[in-house]
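The block underneath contains the structure these notes are about, expressed in structure tokens.
The values are calculated or read from the model by the stated rules, or taken from the named source; none is laboratory data. Here the structure is a predicted model, which means the values were calculated and not measured. Glycine also receives a Cβ, built like all others from the backbone with ideal geometry; neighbour counts cover every protein chain displayed.
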Amino acid sequence: MFTESASFNPLVTSSFRDFRSNYPDVEISLEEHPSTELVGALRAGRLDAAFVRPPLREEPGIAFELLETEELVVAVPSGHELARRESLELRELATQTFILYPRAVRPGLADAIVTACEAAGFTPRVEQYAPQLSSTVNLVAAALGISIVPRSMQSLQPDLVAYIGLSGQPLNAMLGIAYRANENSAPVVNFISAARSGPTPRLTPPDKKRPPEWDISGGPKHRRCGSNNSIDDLNASCHHPQVPAVPQGTAGTVVAT
């Protein structure tokens, strides 16, 4: 019930850990797929909840909540001329060879990176596509090019890959949880609550306004409760499914991806 890149994010791992701790008798079945496939599995009833990265196509009956905005960083081989830099501007990558991920698999991240590069005055020269973000980092480690990845992935290949922050206009990746809008299963609702109470987004300084929140189709979220009832209704009333918590010792199954 998670997209591959989300598995490296502390919010996702803490959600599983806390839910397992509070509801040890609830079985969690995990799957890993691209965000687009996860939403389709939710719609078909094969999954109960999924950590995904927007934007995604609107799906009637599927709700989405933004949980975290994560900084993107540049990944370069450790012997690269830029490897010792603490930060750089995106335009400095205009002559570099990129390793990215196919848009069909990860439309949100791929579009965000290409759009940002074009705004900086260049189109990225992509010579390698990797199906998984972890594979992207491995190809960078092999000195086949550079890439731009979520900061939570900087624990991968630390001896062979240098991770550099971007200065100027921030480039971020969003992470949220998707589920059926009419969900009333107690184990699923409790899992969603565990995800909501995960680590606070790390990119928001205490003295600054939080970044805008967006629904799965790119529109603004409702600010009073911070969630959407459905993807296709931006003016939905503020409420979450009100289901009693599963008591300790009550069995159940949550299928997460």
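Do you know which residues across the range 17-46 are at pLDDT 85 or above and in a helix (DSSP H, G or I)?
Within the range 17-46, Arg17, Asp18, Phe19, Arg20, Ser21, Asn22, Ala41, Leu42, Arg43, Ala44 qualify.
For the range 132-174, what are the residues that are assigned to a helix (DSSP H, G or I) and closer than 12 Å to Val76 by Cα?
Passing the criteria: Thr136, Val137, Asn138, Leu139, Val140, Ala141.
Quick test of your reading of the structure: Thr97 fulfils all but one of (1) at pLDDT 90 or above; (2) closer than 28 Å to Asp159 by Cα; (3) in contact with a Pro (Cβ under 8 Å, 6 or more places away or on another chain). Name the failing condition by number.
(3)
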